[in-house]
Amino acid sequence: MRSVNAQAQAAPRVVRDSTRGKAKSRTPSARGGRRALSDTYGYGEALRARLGWFGNAILFRRPMLSLTLMLVLGGGVYGLVVGGHLSRLSEGVESSMAQAGFAVGDITVAGADRTSTAEVSAALGVARGQSIFTVDATEIRTRLLDLPWVGDAEVRRNLPGSLSIRLIEKRPFALWQSGKSTVVIDRSGAVITDADSGGFDSLPLFAGSGAPEAAAAFLDAARPYRAVFARLQMIQRMGERRWDLLLAGGVTVKLPEEGWESQLTELESLIVEKAILERDIEMIDLRYPDNYVFKLHNGDSRPVSRERRA
C-alpha cells in the first residue's frame, strides 16, 4: 500500500522593508491584491456571487423549482435501487473484472487428510470464473470450521485469480462408547465423528457419562505405567466421580474417587512384581486405604493387607 505524506504548507516569502528595517511577509493585503468575496459582500452575498445568475435564480428566487429538482433527483435514485439497476450495474462491473483476468481459477487445499474434496468444495461455494473480489474469505472460513474434522482454517485470496486454503484437522484422541454407538473424540472431549468408518481400533476406549471430559487427565496419568496401559481394554467413568478399568483377561480394577493416580502405581506393582493377573482373580478393588480386595471367579472375596502385598 502506498502511503502519501501530507505536504507541508508553503511558508510565505520574507523580504526586508528598507524603510523600517523589519521583515515583512509578502501576503495579499487589503491595499494590494484581490480581496475575498466574503470580505467585500459578506457570506450570503459571496455565495450569491459565486453561484452566478442561474444558480441564484434557482436557489433564492425559485425555491419551488429547487424543491422540484431535488425530488426528481431523489426519485431517480430510488428508481435505480428499486428497479435493480444498481444491482445489475454491480454485476456488470464484477463480470468485467472477471473478464479482465480477476477470475477464480486455481484453488489449492492443504491439510485435508480426513476431509474429503467434496466437503471442501461444498463449504467454499466458489465457482470457477467467478470474480475473485466477490469471494468472502471470512464466510468461507466459517463454513469450513463447521466441517467435522476441521479444527482451524486459513483462507487467502491471491491476485489475480487463485485461492489457497490451509486446514488444521482435529486429532483423534480416544473412543467413547455411549449406549450402542461409539464415537471419536478429540483431546478436549468434543465429538468428531462416528467410529463406524474404522481405522481407530488403536485408540483407548472410554465409556460412561462424563468420560470424554476427563479422558485426557486419565491417559496422561496412566501412560507412564506400561504394564497397566498395555492391558487397558476399557476405561469406564462411574457416576462421573471415579474410574473402573477393564484389563485384558476380563479383570476389573476399581479405583477410588480421590488419589486414584497413586493407585496406578500400586496396580503396576501388583502386575509386574506379583503377577497378580496370572491368578484366578476377577476383580481388584483398590478403594480401601489399608487393604486390597480380590474377588475370585468362584465368587469368593479375599481382603489382603497392603503391608503383606498379596
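The values are calculated or read from the model by the stated rules, or taken from the named source; none is laboratory data. As the structure is a prediction and not an experimental result, all values here were calculated from the model. Positions of Cβ are generated from backbone atoms using ideal geometry, with glycine treated the same way; all protein chains shown enter the neighbour counts. Only protein heavy atoms, including side chains, enter the accessible area calculation; ligands, DNA and RNA are left aside. Shrake-Rupley method; radii C 1.70, N 1.55, O 1.52, S 1.80 Å.
Key figures for this structure:
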quantity	calculated
Of all residues making up region 233-270, the number that are on the phi < 0 side of the Ramachandran plot and open to solvent by less than 50 Å² (accessible area, probe 1.4 Å)	23
Pair list, Cβ under 7 Å, 6 or more apart: region 202-223 residue over 16 Å from Glu257 (Cβ atoms), other residue in a helix (DSSP H, G or I) and open to solvent by less than 10 Å² (accessible area, probe 1.4 Å)	Pro204/Leu219; Phe206/Pro212; Phe206/Ala215; Ala222/Val228; Ala222/Leu264
Residue that is modelled with pLDDT of 95 or more, open to solvent by 70 Å² or more (accessible area, probe 1.4 Å), in a helix (DSSP H, G or I) and among the small types (Gly, Ala, Ser), where the choices are Ala230, Ala221, Ala215	Ala230
Residues satisfying the stated conditions in region 256-269, i.e. under 15 Å from Arg287 (Cα atoms), out of contact with any Leu (no Cβ under 7 Å at 6 or more places or on another chain) and touching a residue at least 40 places away in the same chain (Cβ under 8 Å)	Glu261, Leu264, Thr265
Residue list for region 147-192, filter: open to solvent by 30 Å² or more (accessible area, probe 1.4 Å), farther than 29 Å from Ala214 by Cβ and part of a loop (DSSP other than H, G, I, E, B)	Leu159, Pro160
